[in-house]
Amino acid sequence: MPYQPIYHQRPAKPNEIIKPELILPGHYSIELGRKVAELMDIECCTSHYRSEIADFKCGEMCPTIGFDAPLEGKNVLIMGAEPSGLLPGLVVRSETQLLGNMAKNYDATHVMGGLFNIYGARQDKRSRILQQPLTIAKDLDALKRSYGYDSLLTVDAHSEALTDYFDPAYAVNPWSIYLDSLKEIIDGNNEEFVILAPDDGAAKRLGDYSSELGIPMAVGDKKHDEVTGETKANYSKKALKILHGKRVIFIDDMIDTAGTLTREAEELQEIASVRDFTVVATYPLLSGSANEKLQRPIFSNIIVPDLILKEEDRIMLGDKRDNLQGKLTVVPIAPFLAKIFSGQFAVGDVMTRGELI
């Protein structure tokens, strides 16, 4: 059977998250770190940060901070987000580890990792019968035991293993940042749209969207291949009736190759006459030929935050800010993160570890 959580999750309280006093961003999060720090009126330690990533042909890297880095006695937020595909994930992961270790060596009081697109979380769809290793469990344990991290936070966690294997860890639901863009697309024509949830778990997660936007939801029955982890959703006659002739809003945590999404969209176009798809994803990994797939006519809108989006993907998909004929709407995430790190969130927006299951 696929990975099952060890602990129940519970809503985090705003005062549980230790507010950072200084941000130490990774190489690919410098601009994001600066924006968040400015909004929080705290320092972003970039003038002290020198990075020599991948200077060596073997990929070895050496992040360095100056001796005058003002980390001592501070609550330090290490912010790491990898624009996937630009460098091997292992290189960026090493940077995350070493920055935590350096912060502790400089006598930081509390080291929080604001880590996005956490490496290794996707293996939870593998079968336990096959005894596949859960990479994220090993990596999270190493962050705490070897690299000095006191707490972790991520947005749209792909796996509940985050809160199972690190305590305290906080999983943030970013649903509210997409609402304005979705309302603009719907433009009062609520009867034309339906939210697509591939399974009951997704339906629970997407309930806020359905309620806030005032549109119905169709729920599928998603199955995972026990060997590959690939998914396929089946839809009942009731779900197909809800979907028939509608414009679909599909919301997920990530888009990788877009293969499963494209197959599902074109199948529903054929069997339920759906008109088009608006796709929302926190992590546009966009591996392989994903961009080419997303340029197909079935996909009318793509909404993502400016978290790990690569510039070449933004150009290829067409940013609506530059081209009204483009498909891509990019949502700024810094204001949202600043509120979360400041403890300004509603009950249920951030989940953490609860009781044993």
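Test Leu182 against the stated conditions and say whether it is surrounded by 16 or more Cβ atoms within 10 Å (Cβ to Cβ), outside any helix (DSSP H, G or I) and aliphatic (A, V, I, L, M). In short, no. For Lys232, indicate whether it is closer than 22 Å to Val347 by Cβ and modelled with pLDDT under 90. For Lys232, the condition - closer than 22 Å to Val347 by Cβ and modelled with pLDDT under 90 - is not met. More than 19 Å from the chain's Cα centre (by Cα), at pLDDT 65 or above, over 30 Å from Gly354 (Cα atoms) and not basic (Lys, Arg): does that describe Leu22? Answer is no for this residue. Residue check: Asp199 meets all listed conditions (1) more than 25 Å from Gly220 (Cβ to Cβ); (2) among the acidic types (Asp, Glu); (3) assigned by TED's automatic domain parsing to the domain that holds Ile303; (4) touching a residue at least 24 places away in the same chain (Cβ under 8 Å) but one, namely (1). Looking only at residues of segment 185-212 that are part of a helix (DSSP H, G or I) and buried (at least 19 other Cβ atoms within 10 Å of the Cβ), we find that the one that is nearest to the chain's Cα centre (by Cα) is Ala202. Pairing each residue of segment 270-291 that is of a type in the set (Asp, Glu) with any residue that is part of a strand (DSSP E or B) and surrounded by 14 or more Cβ atoms within 10 Å (Cβ to Cβ), provided the two are 6+ apart or on different chains, yields C-beta distances under 6 Å for Asp276/Arg247; Asp276/Ser300.
Every residue, every condition in (1) over 30 Å from Ala290 (Cα atoms); (2) modelled with pLDDT of 60 or more; (3) surrounded by fewer than 19 Cβ atoms within 10 Å (Cβ to Cβ), yes or no:
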residue: Gln4; (1), (2), (3): no, yes, yes
residue: His27; (1), (2), (3): no, yes, no
residue: Arg50; (1), (2), (3): yes, no, yes
residue: Asp55; (1), (2), (3): no, no, yes
residue: Gly59; (1), (2), (3): no, no, yes
residue: Met79; (1), (2), (3): no, yes, no
residue: Ser94; (1), (2), (3): no, yes, yes
residue: Leu99; (1), (2), (3): yes, yes, no
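In summary, strands (runs of 3 or more DSSP E) completely within segment 239-357 and bearing 1 or more residues that are in the same structural domain as Ala203 (by TED's automatic domain parsing) and at pLDDT below 90 occur at 247-255. In the set (1) of a type outside the set (A, V, I, L, M); (2) surrounded by fewer than 20 Cβ atoms within 10 Å (Cβ to Cβ); (3) touching a Lys or Arg at 6+ places or on another chain (Cβ under 9 Å), the condition left unmet by Asp164 is number (2).
Of the residues in segment 167-177, none is assigned to a loop (DSSP other than H, G, I, E, B), among the small types (Gly, Ala, Ser) and modelled with pLDDT of 95 or more.
The values are calculated or read from the model by the stated rules, or taken from the named source; none is laboratory data. Nothing here was measured: the structure is a model prediction, and the numbers come from that model. When we count neighbours, we look across all protein chains shown, and the Cβ atoms used for this are built from the backbone with ideal geometry, even at glycine.
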